[in-house]
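So the structure is just underneath, and the comments pick up after that.
Every number here is computed from the coordinates shown, using simple stated rules; none is lab data. Not measured: the values here are computed from a predicted model. Virtual Cβ from ideal backbone geometry, glycine too; neighbours counted across all protein chains shown.
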Amino acid sequence: MNLFESVGEPVLGFFEAIGEYTLFTLRTSKLLLRGRIHWRNTLAQMAFIGVDSLPIALLTALSVGMVFTLETANEFIRYGATSVIGGAAALTIVRELGPTLTGVVFAGRVSAAIAAELGTMKVTEQIDALVSLAADPLRFLVLPRVLACVTMLPLLAFLSDAAGIAGGYGIAVYLKGVSPLVYAESVRSLIGPDDVAKGLLKAAIFGLVVAIVGSHKGMNARGGAEGVGAATTSAVVVSLITIFISNYFLSSVLFPGAGAH
Amino acid sequence: MSMQVQLVGVEKRFGPKRVLEGVDIAFAPGKITVVIGPSGCGKSTILRLLLGLQRPDAGRVLVDGQDLAIFKEPDWMAYRERIGMVFQSGALFDSMPIGRNVGFALQEHTKLPREEIDRIAEDKLRLVGLAGQAQLRPSELSGGMQKRVAIARAIARDPGMVLYDEPTTGLDPITSTVIEDLIVSVAKQTGATSIVVTHQLSTIFRTADRIVMLLAGVVLGEGTPDELKASPDPRIRGFLSGTVPDGWA
């Protein structure tokens, strides 16, 4: 393999993958625009994806909110900036940690589950069986998962925001002696509804990433148990990388004046 | 109503491997045609072409005179509603009980009430000897029972064509006989055109009205079981008697 091939092959592979994911997303979106939603499966997926992910998402956010405040409160107090402890925690959680960590939880739990389930269906001919029964796998399997992720991830991110802020409150008030009113006022003055809304928009986009990557990996699994395992691992890795990269660009666009409050 | 199915000059390649090389077959309407041949000779590919899971590289697949190549997505959906397919592995949906598996197409494509769908599913399960088992999960069934459920699912909407991919492979002789009898009785009761892909000798002789033998992607011979048993080609006679003719490998 010469230099051009060794550089060109991964680059071509990258753009090929981008093209495949884009086509897959467009085909799924077309079904949505035509209103061809399989409601029964969508509600079932919402229950599975949303409700079952709630405890781990809340626990993660609570823990991060507490640790973040534990790490920063002393510094703020030392520089006489007690009044920004709550706001700093809330701003970080609402804009970044809430959506991103919930996205990470989804990438680990939901993208893997989607890839494993659809991958198993693929290698056991269940997806071919769906086609043979005149059922569109995109409508029956993929769109419900996309809708469930796109709606449930922001909902869970919102609850995670609340859990994270509450965790910070607990540490600031009960461990660091910050007044509850000062903490609450700090939160109220430093974050606005648009911060929350933009954070949730990011969460919805991460939900789309998780569902599309998991579904695409699962639907293209090959070769039995080994193939399903590879698809599952790959779904988690690709989801995480895509979330981290897209998070930077989304934050740049959605919060262009970050830090200018 | 039974469907007329014809392959005309069909070719199919997978990478450098040529699986079908100009195959011409006219499947007799309402009859059971068994497609035989050694592993990898393109038997299952024919079923996948008929289902639209794969497209031919050349040639035409005609169903009731219509070329499948011109089908758009809605045409495929309408066409597949008239076909039943029994996969080699059964391919039952393991997320739902077997009654729901059997009633799946009715649930998705008709406005029948749940009770009516359940009744039809129960009727079909009775036909395959699994009455009263609708609540069982696929994982609770033996391989033979899974194949029977797969047959019940395939005929739930009284299709005009039923495709069987290796329906008895991996089953014990008695269960194989049960499945073979079922294939024959389903064909008689529904009048559907049946295409069975297999290399099991018992399945060939217990079910076939006609046999098509493939070898290396071409049709080696076709006819009734008796005609093929008397074929002048030693490869056909050898395959049907389970002996290895000279130069087979």
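Report, ordered by chain and residue number, the lysines lying within cross-link reach of A:Lys30, taken as a straight Cα distance under 26 Å and ignoring same-chain residues fewer than 8 apart.
Candidates past the 8-residue exclusion: A:Lys122, A:Lys198, A:Lys202, A:Lys217, B:Lys72, B:Lys111.
Can you give the charge dipole size of segment A:1-88 about its Cα centre, rounded to the nearest 20 debye, using +1 on the beta carbon of Lys and Arg and -1 on the beta carbon of Asp and Glu?
Using Cβ point charges on Lys, Arg, Asp and Glu, segment A:1-88 gives about 640 debye.
Could you tell me what a quarter of the Cα convex hull surface of chain B works out to, in nm² with one decimal place?
For chain B, averaging the hull's shadow over all directions gives 13.8 nm².
For the pair B:Arg13/A:Thr233, report the inter-label distance in nm, with labels modelled 7 Å from Cα in the Cβ direction.
3.4
How do B:Ser241, A:Ser246 rank when sorted from fewest to most other Cβ atoms within 10 Å of their own Cβ?
B:Ser241, A:Ser246
Working from Cα positions, state the angle (0 to 90°, nearest 10) between the long axis of helix B:114-127 and the longest principal axis of chain B.
With both axes taken from Cα atoms, the answer is about 50 degrees.
Angle check, please: helix A:180-190 long axis (alpha carbons) against the longest principal axis of chain A (alpha carbons), in degrees 0 to 90, nearest 10.
Here the helix axis deviates by roughly 60 degrees.
Identify all lysines with a Cα-Cα distance to B:Lys188 below 21 Å; exclude those on the same chain that are fewer than 8 residues away in sequence.
B:Lys31, B:Lys124, B:Lys147
Which of the lysines could a cross-linker bridge to B:Lys12, judged by Cα under 16 Å and excluding same-chain residues fewer than eight apart?
Within reach: B:Lys43.
Note down the nm distance, to one decimal, between modelled labels 7 Å out along Cα→Cβ at A:Ala47 and at B:Glu227.
5.6
Taking neighbour Cβ counts within 10 Å as the exposure measure, how do B:Asp94, B:Asp123 sort from fewest upward?
Listing B:Asp94, B:Asp123 from fewest to most nearby Cβ atoms yields B:Asp123, B:Asp94.
Just from its helices, what would the mean residue ellipticity at 222 nm be for chain B, if runs of 4 or more DSSP H residues each count -39500 (n - 2.57) and the sum is divided by every residue, rounded to the nearest 500 deg cm²/dmol?
-10500 deg cm²/dmol
Could you point to the residue in A:Leu175, A:Ala231, A:Val131 farthest towards the positive end of chain A's charge dipole, with +1 and -1 charges on the Cβ of Lys/Arg and Asp/Glu respectively?
A:Val131
Name the shape class, rounded, prolate or oblate, that the alpha-carbon gyration tensor gives for segment A:36-254, where a ≥ b ≥ c are the square roots of its eigenvalues, rounded holds for a/c under 1.5, and otherwise prolate holds if a/b is larger than b/c and oblate otherwise.
Verdict is prolate for segment A:36-254.
Give the angle, between 0 and 90 degrees and rounded to the nearest 10, that separates the Cα long axis of helix A:112-123 from the longest principal axis of the Cα atoms of chain A.
That works out to roughly 0 degrees.
Which of the listed residues, A:Asn220, A:Gly192, A:Val94, is farthest toward the dipole's positive end in segment A:36-254, when Lys, Arg count +1 and Asp, Glu count -1 at the beta-carbon?
Comparing the listed Cα positions along the dipole, A:Asn220 ranks first.
In segment B:54-203, with Lys and Arg counted as +1 and Asp and Glu as -1 at Cβ, which of these residues, B:Leu163, B:Leu127, B:Ala150, has the Cα nearest the positive end of the dipole, that is, farthest along it?
In segment B:54-203, that residue is B:Leu127.
What is the fewest-to-most order of A:Glu20, B:Glu21, B:Glu180 by other Cβ atoms lying within 10 Å of their Cβ?
Fewest-to-most Cβ neighbours within 10 Å comes out as A:Glu20, B:Glu21, B:Glu180.
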